[in-house]
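Visitor: Here it is, the structure, as structure tokens.
What follows is calculated from the coordinates using simple rules that are stated; it is not laboratory data. Because the structure is predicted, anything quoted here is derived from the model rather than measured. With ideal geometry, Cβ positions are generated from the backbone for all residues, glycine too; neighbour counts draw on all protein chains shown.
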Amino acid sequence: MNKVELGKLFSSEYLNYPSDDQKKIREFIRYFMENGFDGLIGKNTNSNNVHPQNPNFINIVAYAHKYKLWHYHIGIPEYVKSKSNSYSTSEYVLHYQLFSAQHIRIVDMSSHNPFSLPSEDYLK
């Protein structure tokens, strides 16, 4: 069985999210625990996947790598099909640490635009 942890700050903030958002997060957790990453609807990607011309490219890549940060397009407020139709994106992403293919820690949720990584306070 796959394992999902919740970061301390995320756990407390989650309680203040709208019920529809909480439901989508619970559905993601349940899905991951049963299926892992196979067949997810939303785009799931390493957070070090930054455009090389980003002025903070080196710092972002190093930070994402150090803390094993990934993000998943959770479908909030809704999914939008990519032009290639191979995945869907959404305005909001769920940030998580990938410890192994069977073990993650969800640490934050934020808008994808502008994209920002969770601070170290969220990684506990």
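Visitor: Rounded to whole Hz and in sequence order, give me ³J(HN,Hα) for region 109-116 from the Karplus expression 6.51 cos²θ - 1.76 cosθ + 1.60, θ = phi - 60°, writing x for Gly and Pro.
Guide: These are the phi-based 3J(HN,Hα) values: 9, 8, 5, 7, 10, x, 7, 9 Hz.
Visitor: Right, something else. Just rank Met1, Met109, Met33, fewest to most, by other beta-carbon atoms within 10 angstrom.
Guide: Going from least to most buried by this count: Met1, Met33, Met109.
Visitor: Cβ under 13 Å from Phe32's Cβ, Phe32 left aside: what net charge do those residues give with Lys, Arg +1 and Asp, Glu -1?
Guide: Charge balance in the 13 Å sphere: +1.
Visitor: Quick one: which of Lys23/Lys124; Lys8/Lys81; Lys43/Lys83; Lys43/Lys124 span more than 21 angstrom between C-alpha atoms?
Guide: Lys23/Lys124; Lys8/Lys81; Lys43/Lys124
Visitor: Which aspartates and glutamates, on any chain, are close to Lys3 with Cα under 20 Å apart, when same-chain ones fewer than 8 places away are left out?
Guide: Glu27, Glu34, Asp38, Asp108
Visitor: Grab the DSSP H runs of the chain that are 4 residues or longer, score each as -39,500 (n - 2.57), total them, divide by all residues and round the 222 nm result to the nearest 500 deg cm²/dmol.
Guide: Using -39500 (n - 2.57) per qualifying helix, the result is -8500 deg cm²/dmol.
Visitor: From the Cα gyration tensor of region 3-117, with a ≥ b ≥ c the square roots of its eigenvalues, which class applies: rounded if a/c is under 1.5, or else prolate if a/b is larger than b/c, or else oblate?
Guide: rounded
Visitor: Then there is this: Kindly write out, for region 27-32 in residue order, the coupling ³J(HN,Hα) from the Karplus curve 6.51 cos²θ - 1.76 cosθ + 1.60 (θ = phi - 60°), rounded to whole Hz, with x marking Gly and Pro.
Guide: Per-residue couplings from phi come out as 5, 4, 4, 4, 4, 4 Hz.
Visitor: Taking θ as phi - 60°, what are the ³J(HN,Hα) couplings along region 98-106 by the Karplus curve (6.51, -1.76, 1.60), each to the nearest whole Hz, with x for Gly and Pro?
Guide: With coefficients 6.51, -1.76 and 1.60, one gets 9, 8, 6, 5, 10, 8, 9, 10, 7 Hz.
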